C-alpha cells in the first residue's frame, strides 16, 4: 500500500513515525535549523504532550498554568476568552486551565524523510494521483493523508469551503530571559486577559520567555498562519461531512489545521493517527523502525 502525506510539519512527521514507509511531500525548501522554527518538532511555547507517544523519546515536565499570574477562575478565563475572540467557547476550560499538571516534552525524534520543493497543485481522487507543480508525471497513492490547513487542501480536491475559513495569524517571539524563577523541568504557562497587553500567552521555560500575540510586535517576531482558527455552528456540520466524504475516498486529514478542529491537542492527533494505522494493519512504531534521531528537540 502506497501512503502519500502532504505536509512535512510535526503532524506529517508523526504520520511517518506511525507508518515509516509513508512518503511526505512539502512545498517548502529544506529547512536551515537556525533560530525559531515552529514548523519542526516542538521548539516553541506551551507545546507539550499530555501522553507519551510510543517510540518517541520524551521527558516529563511539570506544567503550572495561570491567568494574569494568578490562579485560573471562571471570571479570569472568560476575560481571556473574550480577548482572543472565543468567549462562546467555555466548554473546555476545566481541562485547559488546570493549575498543576504533568506533561511530556519531546526530547528527540528520528530524522524524517521529506520531499521538499514539492508543491501539490491538484489531486485526482478518482484516479488516486497527485500532481506536483512543474512535474509532468503524477504520483499514485493508495491512501492520501493531508496535514496542511483544510481550506487549502479542499481546493486541491475541488471541493468548496462552507462559507469562509475564519482565522487570525499568531505572532511569536522568544525573549532570551525569564523574569520568573522556576525549578528544573518546570514550565509556567500564563494567559493574559488584559486587552492592553499585546501577548495573549507567555510561556516561561528553560530560562526564556516564549510569547504569542495576535498582532506583530517586537524585533524577531514571526507569524504563524492560520494561527488561531474558529468554526461557526453552521460550519461544524458541513466540515464534518467533508471529512467523511474524504475518508470515503481513502483520504484522511490529521492535526488541528488539517481537520479544522480548534480544540484538538497533539495527543488527540496522535490517537487519531494511531487508530488509522491500526485500521490499516500496520505494526506499532518502535525506536528501531527508523535511524536514531539526528535532531534533538528542546520544545
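The values are calculated or read from the model by the stated rules, or taken from the named source; none is laboratory data. Since we're looking at a predicted model, the values are computed, not measured. Every residue, glycine among them, receives a Cβ derived from its backbone with ideal geometry; neighbour counts consider all protein chains shown.
Taking the conditions exactly as written (in contact (Cβ under 8 Å) with a residue 60 or more places away in the chain and within 27 Å of residue 229 (Cβ to Cβ)), does residue 149 satisfy them or not?
yes
Suppose the filter is under 20 Å from residue 211 (Cα atoms), surrounded by fewer than 18 Cβ atoms within 10 Å (Cβ to Cβ) and in contact (Cβ under 8 Å) with a residue 40 or more places away in the chain; does residue 168 pass it?
yes
Taking the condition at pLDDT 90 or above and surrounded by fewer than 19 Cβ atoms within 10 Å (Cβ to Cβ), does residue 28 pass?
Against the criterion (at pLDDT 90 or above and surrounded by fewer than 19 Cβ atoms within 10 Å (Cβ to Cβ)), residue 28 qualifies.
Based on this model, can you work out whether residue 45 counts as at pLDDT below 95, out of contact with any helix residue (DSSP H, G or I) (no Cβ under 8 Å at 6 or more places or on another chain) and within 20 Å of residue 97 (Cα to Cα)?
Spelling it out, residue 45 is indeed at pLDDT below 95, out of contact with any helix residue (DSSP H, G or I) (no Cβ under 8 Å at 6 or more places or on another chain) and within 20 Å of residue 97 (Cα to Cα).
Which members of region 186-220 meet the condition of being over 19 Å from the mean Cα position of the chain (by Cα) and within 15 Å of residue 44 (Cα to Cα)?
Hits for region 186-220 are 186, 187, 188, 190, 199, 204, 205, 206, 207, 208, 209, 220.
Answer yes or no as to whether residue 119 is under 13 Å from residue 5 (Cα atoms) and either without any contact (Cβ under 8 Å) to a residue 24 or more places away in the chain or over 19 Å from the mean Cα position of the chain (by Cα) (or both).
Criteria met by residue 119.
Give me a count of the residues in region 135-151 that are assigned to a loop (DSSP other than H, G, I, E, B), at pLDDT 95 or above and over 20 Å from residue 11 (Cα atoms).
Going through region 135-151 one residue at a time, the tally reaches 1.
Table: residues versus (1) assigned to a strand (DSSP E or B); (2) in contact (Cβ under 8 Å) with a residue 12 or more places away in the chain; (3) surrounded by fewer than 14 Cβ atoms within 10 Å (Cβ to Cβ).
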position	(1), (2), (3)
195	no, yes, yes
212	yes, yes, no
227	yes, yes, no
244	no, no, yes
257	no, yes, no
261	no, yes, no
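Exactly one of (1) within 24 Å of residue 266 (Cα to Cα); (2) part of a strand (DSSP E or B) is unmet by residue 121. Its number?
It is condition (1) that residue 121 fails.
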